[in-house]
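Report on the following structure.
The values are calculated or read from the model by the stated rules, or taken from the named source; none is laboratory data. Please read all numbers here as calculations on a predicted model, not as lab measurements. FYI the Cβ positions are ideal-geometry reconstructions off the backbone, even for glycines, and counts take in every protein chain you see. Calculation scope for accessible area: heavy atoms of the full protein, side chains included, ligands and nucleic acids excluded. Shrake-Rupley method; radii C 1.70, N 1.55, O 1.52, S 1.80 Å.
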Amino acid sequence: MPTAAKSLHTSRRLDEVGFSDIVKVRNQVMALRAAGQPVYGFHGGEPYFDTPQPIKDALTLALNENKTRYAPSSGIEPLRTAIVEKLKRKNGMKHVKPEDILITVGGAHALHAAFESVLDAGDDALVFSPYWTPIRDMIVMAQARPLLVPTDRACKEGLAESLKRYYTKATRAIYYNTPQNPSGLVFTRAEAEEVAAFAIERDLIVIADEAYEDLVYEGEHVSIASLPGMAERTITAFTFSKTYAMTGWRAGYAVAKEPFMTALRKIVLYSTNGLATPVQYAMIQALTTPESQIAARREEYRRRRDLLVAGLNEVGLGCDPPAGAFYAFPNVEKIHKNSRTAAQILLEKAHIATIPGSVFGAQGEGHLRFGYAITIKEIEDCVEALRGFSA
């Protein structure tokens, strides 16, 4: 019996992998609302609008036409071809081909597959911080070590200089996210070129996360894989979640050259064996969305951003307007220096749900993430609650 009991444990490589703190906050908010308490929900990261009807109609049509059988695990050819055209037109990836595209179960799946494909036990990965919370755990799951590079300092002294400071002989990859979650920072073209030059000089792989590519208010979105010498050393993760309000559809894709594409395909084949076939036909329809519609929604986000940021600054929670994504990341040390405590105080006293900055890495401490992908009325009510809270 004692001998048998020793085997009843999970894989040790999962010991340092945790669960998302964002999910924990979400569960707390759901419990409060179930108990009848009003909560202003700034903790989430979902678009304010519903999935557009033409996309839903495309799924229904696929079902009615019995497009419900197994699809290639890499994705159906018409979808990969449509993505190629999008990448050439919007992302400057002029030499991409359908075989460079892999359909994944959301952008998170693409990132997980990327880390698993390139990192070995004992490798290091450079991560600009604060960072999207699952990134650390994805790297640890690959038995590698995340090396946190403070983004604010890097932007002041130069990205290459900061990367050099944290670089080790075991460094294998750089996680590069723009626009960033949680800060909304957008790396400039010059900064992208700086990271690219650093990666080429040290023969590193860049894992690029472009979930918020269509939400840039100031500046431009630059896909680092479009820069000279970077297509062959970059794995880029994209998602349909933010641009098309398809969070629950779990629709994403990865872009890479060989030898990485073969490795990515193995991860997908033996994890999900691909994405649901009807969803892929809906993705084709999503890609036909006029740029004017995407731009109009971006302006709606800008309106929300400006309203929230003005309110935050009014009550002394210093916040620069984020250049991209749909999050504000104010300094809340006025409430409490510990961001978890500050978040709990806001939730209890003002019924405002946010995400503690510390869950995005040590560099996020002293801040809270406010997601403004909600209605204008909710933001106005939150600002009013903040005024009452600070009074």
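Some points to look at:
- Taking the conditions (1) part of a helix (DSSP H, G or I); (2) touching a helix residue (DSSP H, G or I) at 6+ places or on another chain (Cβ under 6 Å); (3) under 17 Å from LYS242 (Cα atoms) in turn, LYS56 satisfies each one other than (2).
- Among all positions in region 216-236, there is no residue which is open to solvent by 20 Å² or more (accessible area, probe 1.4 Å), closer than 17 Å to GLY106 by Cβ and not in a helix (DSSP H, G or I).
- When each of ARG172, ARG153 is tested for being out of contact with any Leu (no Cβ under 8 Å at 6 or more places or on another chain) and not in a loop (DSSP other than H, G, I, E, B), the lone residue that passes is ARG153.
- Condition check for ALA121: open to solvent by 10 Å² or more (accessible area, probe 1.4 Å), free of Cβ contacts under 8 Å to residues at least 24 places away in the same chain, small (Gly, Ala, Ser) and over 30 Å from THR354 (Cα atoms): yes
- Test: residue in region 218-237 that is over 25 Å from ASP123 (Cα atoms) and basic (Lys, Arg): no
- Residue ID - least open to solvent (accessible area, probe 1.4 Å), chosen from residues in region 15-29 that are not in a loop (DSSP other than H, G, I, E, B) and not hydrophobic (A, V, I, L, M, F, W, C): ASP21
- The single residue among ALA353, ALA385 that is modelled with pLDDT under 95, open to solvent by less than 10 Å² (accessible area, probe 1.4 Å) and touching a strand residue (DSSP E or B) at 6+ places or on another chain (Cβ under 7 Å) turns out to be ALA353.
- Checked against the criterion of being loosely packed, with under 15 Cβ neighbours inside 10 Å, acidic (Asp, Glu) and under 19 Å from PRO356 (Cβ atoms), the candidates ASP152, ASP137 yield just one match: ASP152.
- Pick from region 289-308, criterion hydroxyl-bearing (Ser, Thr, Tyr) and either free of Cβ contacts under 8 Å to residues at least 40 places away in the same chain or touching a Leu at 6+ places or on another chain (Cβ under 7 Å) (or both), ranking: farthest from LYS56 (Cα to Cα): TYR301
- Among the residues making up region 268-296, those that are open to solvent by 40 Å² or more (accessible area, probe 1.4 Å) and assigned to a helix (DSSP H, G or I) are LEU269, TYR281, ILE284, GLN285, GLU291, SER292, GLN293, ALA296.
- Selection of first residues in region 242-265 that are in contact (Cβ under 8 Å) with a residue 12 or more places away in the chain and of a type in the set (Gly, Ala, Ser) and of second residues that are crowded, with 20+ Cβ neighbours inside 10 Å and part of a loop (DSSP other than H, G, I, E, B), restricted to Cβ pairs under 8 Å at least 6 apart or on distinct chains, gives the following pairs, ordered by first then second residue: ALA245/PRO47; ALA251/PHE240; ALA251/LEU275; GLY252/PHE240.
- Residue in region 320-340 that is surrounded by fewer than 20 Cβ atoms within 10 Å (Cβ to Cβ), touching a residue at least 24 places away in the same chain (Cβ under 8 Å) and among the polar types (S, T, N, Q) present: yes
- Within region 317-342, being closer than 28 Å to TYR212 by Cα, out of contact with any His (no Cβ under 9 Å at 6 or more places or on another chain) and either assigned to a helix (DSSP H, G or I) or among the small types (Gly, Ala, Ser) (or both) holds for GLY318, ALA323, ALA325, ALA328, ARG340.
- The combined condition, being under 23 Å from ALA197 (Cα atoms), more than 15 Å from the chain's Cα centre (by Cα) and among the hydrophobic types (A, V, I, L, M, F, W, C), is fulfilled by LEU119.
- Annotation: THR104 fulfils all but one of (1) among the polar types (S, T, N, Q); (2) open to solvent by 20 Å² or more (accessible area, probe 1.4 Å); (3) under 14 Å from TYR253 (Cα atoms); the unmet one is (2).
- Subset of region 7-25 [within 23 Å of the chain's Cα centre (by Cα) and either among the aliphatic types (A, V, I, L, M) or at pLDDT 80 or above (or both)]: LEU14, GLU16, VAL17, ILE22, VAL23, VAL25
- Candidate set: region 30-50, residues that are out of contact with any strand residue (DSSP E or B) (no Cβ under 7 Å at 6 or more places or on another chain) and either on the phi > 0 side of the Ramachandran plot or of a type in the set (A, V, I, L, M, F, W, C) (or both); chosen: the one most open to solvent (accessible area, probe 1.4 Å): MET30
- For region 163-193, a tally of residues being touching a Phe, Trp or Tyr at 6+ places or on another chain (Cβ under 9 Å), under 20 Å from GLY219 (Cβ atoms) and either open to solvent by less than 30 Å² (accessible area, probe 1.4 Å) or not hydrophobic (A, V, I, L, M, F, W, C) (or both) returns 12.
- Taken residue by residue, region 248-255 has at least one member that is on the phi > 0 side of the Ramachandran plot and either at pLDDT 95 or above or in a loop (DSSP other than H, G, I, E, B) (or both).
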